[in-house]
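Student: What follows is a single structure, and I will ask about it in a moment.
Computed from the coordinates by the stated procedures, all read-outs in this text should not be read as laboratory data. None of the values given here were measured: they were computed from a predicted structure. Quick reminder, even Gly has a Cβ in these numbers, built from the backbone with ideal geometry, and neighbours come from all protein chains shown.
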Amino acid sequence: MAGKSAPIQVLLADDHAVVRAGIRQFLEKASDIRVTAEVGDGEMAKEMIQHRQPDVAVLDIQMPRSSGIEVTRWIRVNFPETGVLILTAYDDDPYVLAVLQAGANGYVLKTASPTELIQAVRDVNDGKSVLDAHLTQKLISQINRAKEPTVVEPVTSRELEVLELVAKGYTNKAIGVQLGISDRTVQGHIAHIFSKLHAASRTEAVMRAVSMGWISQSVGIITDE
C-alpha cells in the first residue's frame, strides 16, 4: 500500500486578518492542504516564500508594499516551481489580464465556494491554471466584442487536437504522450495555433477558439507551459 503523500504547502497573503482567517479555515478543511504561513503584505509574502518555498501561494491583488501582481512576477523569476493562485474580490478585466500576463496560474474570486477554492489550490499544485467560470465568460465576451483579425486561418485537425488538450489542462509533455508526438512537435503546433488565431497566450488562444465554436465552452483550466 502506497504511503500517504505530503500535504500541499500553502502560503496565504491578504492584508485583512479576518479574511485570512476565513480562507485558512476553508482550506484546512481539506486533509491534503496545509497553510504553513500567512502574511499581510507583499514584501512579507516574498520573505516567507523565500524561507518556506510553499507549493502554492494564494495572494490577494491589493496589498501594502507590493501588490499581488508584483509578487507574482517576483515568484516567476525566483521560485518558478511555486504555483500562484490569485484570490480576490476584483473581477475587472485589466486586473485579470495583468495577473495572467504576470504569470499567475489561477484567478479565483472571493465569492467562490470553499469546495471551489480547495479544488483551485489542488489544480494549481498539479501545474494547471484555473480561471473562475464568471471570468472565463467575461473574457469570451471581451473577445467577441473585440475587432476580429482580417484573416483567421483555420487550424488543422492535428492542431485542433492539440488545442483541445491545452484547454483540458494538459502540459506539452502530456499532449505529446497523448498524441504520440515529441515535445518539440507539440511546441511547433502551439506556435502555429498562436499565429493563426492571433493569440499571445494559451488562455487567449483557447478563449478565441471557444468564441468561434471550434472547441467546447466548458473549458476553464489551462496549463501555463
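Student: How big is the C-alpha Rg of region 1-62 next to the rule-of-thumb value 2.2 N^0.38 Å, as a ratio? Write out the running numbers ahead of the final one.
Tutor: On the way: Rg = 12.4 Å, N = 62, 2.2 N^0.38 = 10.6 Å.
Against the compact-globule rule of thumb, the ratio is 1.17.
Student: Would you mind giving the average projected area, over all directions, of the Cα convex hull of region 8-131 in nm² with one decimal? Mind dumping the intermediate values first?
Tutor: Details: hull surface 25.0 nm².
For region 8-131, the mean projected area of the Cα convex hull comes to 6.2 nm².
Student: Counting other Cβ atoms within 10 Å, keep those with at most 13, restrict to DSSP loop, and tell me which GluC sites (Glu not before Pro) in region 1-84 are left.
Tutor: Values: sites: GLU28, GLU38, GLU43, GLU47, GLU70, GLU81; in loops: GLU28, GLU81.
Of the GluC sites (Glu not before Pro), the ones in loops of region 1-84 whose Cβ has at most 13 other Cβ atoms within 10 Å are GLU81.
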